[in-house]
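Asks: Before I ask anything, here is the structure I am working with.
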Amino acid sequence: MGRSNIFLVGMMGAGKTTIGRALARRLGREFVDTDKVLVERTGVAIATIFEIEGEAGFRRRESATLAEIATGERQVVATGGGTILAAENRAAMREAGTVVYLRARLEHLWERTRHDTSRPLLSTPDPRGTLEALLAEREPLYREAAHVVVDTGSQGTQAVVGRIVSALGDDATPGAP
């Protein structure tokens, strides 16, 4: 594949941050979480950005942050679950690296997110239904963006990292460009 960055995409609760940190450690690469960078730059929580600027405002900020991060090299990048909604984001990730879709079933996503009050898109009367609708909307876009699809399921972090490393082949070799 010959791309220097590894972008992890998938739904909220798929494990992008946890798996990304472990993958970066294993490969000796820098770990970057786009949501964390956005919070650090704005000084407020993502939920606050949603509240003040709406989802459209948040997505604009998310795209600008991703575009900047994508210029880096040898990074493992955990993206926000909705990053793939914008075609320019999907293209930027594919051009700047290898995109790995961390696929998880609705049941696993719900179990991991149902008690998390920091997710503005799930602040609805029916958060599980919302999660299901978001998954249905985004699944084709995750597949379109991805070079590699890895099921996360109920496996441990190291097992998923091992599957990603195997799928990436030579691109996952520590010290590889």
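The values are calculated or read from the model by the stated rules, or taken from the named source; none is laboratory data. Computed from a predicted structure; not experimentally measured. Cβ placement follows ideal geometry from the backbone for every residue including glycine, while neighbour counts extend to all protein chains displayed. In case anyone asks, the SASA skips ligands and DNA or RNA and just uses the protein heavy atoms, side chains included. Shrake-Rupley method; radii C 1.70, N 1.55, O 1.52, S 1.80 Å.
Asks: When you check G20 against the structure, is it at positive phi, within 13 Å of the chain's Cα centre (by Cα) and buried (at least 20 other Cβ atoms within 10 Å of the Cβ), yes or no?
Replies: Values: at positive phi: no; within 13 Å of the chain's Cα centre (by Cα): yes; buried (at least 20 other Cβ atoms within 10 Å of the Cβ): yes.
No, not satisfied.
Asks: Quick one: which residue in G81, G72, G57, G97 is surrounded by fewer than 21 Cβ atoms within 10 Å (Cβ to Cβ) and touching a residue at least 60 places away in the same chain (Cβ under 8 Å)? Steps first, answer last, please.
Replies: Working: G81 fails: surrounded by fewer than 21 Cβ atoms within 10 Å (Cβ to Cβ); G57 fails: touching a residue at least 60 places away in the same chain (Cβ under 8 Å); G97 fails: surrounded by fewer than 21 Cβ atoms within 10 Å (Cβ to Cβ).
After ruling out the rest, the residue left standing is G72.
Asks: Given the criterion within 13 Å of the chain's Cα centre (by Cα) and closer than 28 Å to A67 by Cβ, identify the matching residue among A92, A145, A136.
Replies: Numbers: A92 fails: within 13 Å of the chain's Cα centre (by Cα); A136 fails: within 13 Å of the chain's Cα centre (by Cα).
Testing whether each residue is within 13 Å of the chain's Cα centre (by Cα) and closer than 28 Å to A67 by Cβ leaves just A145.
Asks: Still on this model: Across segment 30-46, what is the number of residues that are of a type in the set (A, V, I, L, M, F, W, C) and open to solvent by less than 40 Å² (accessible area, probe 1.4 Å)?
Replies: Of the residues in that region, 4 qualify.
Asks: Go over the candidates G54, G72 one by one and state the one that is more than 17 Å from the chain's Cα centre (by Cα) and of a type in the set (G, A, S).
Replies: After ruling out the rest, the residue left standing is G54.
Asks: Please state which one of E132, E107 is surrounded by 13 or more Cβ atoms within 10 Å (Cβ to Cβ), more than 22 Å from F7 (Cα to Cα) and free of Cβ contacts under 8 Å to residues at least 40 places away in the same chain.
Replies: Answer to the selection: E132.
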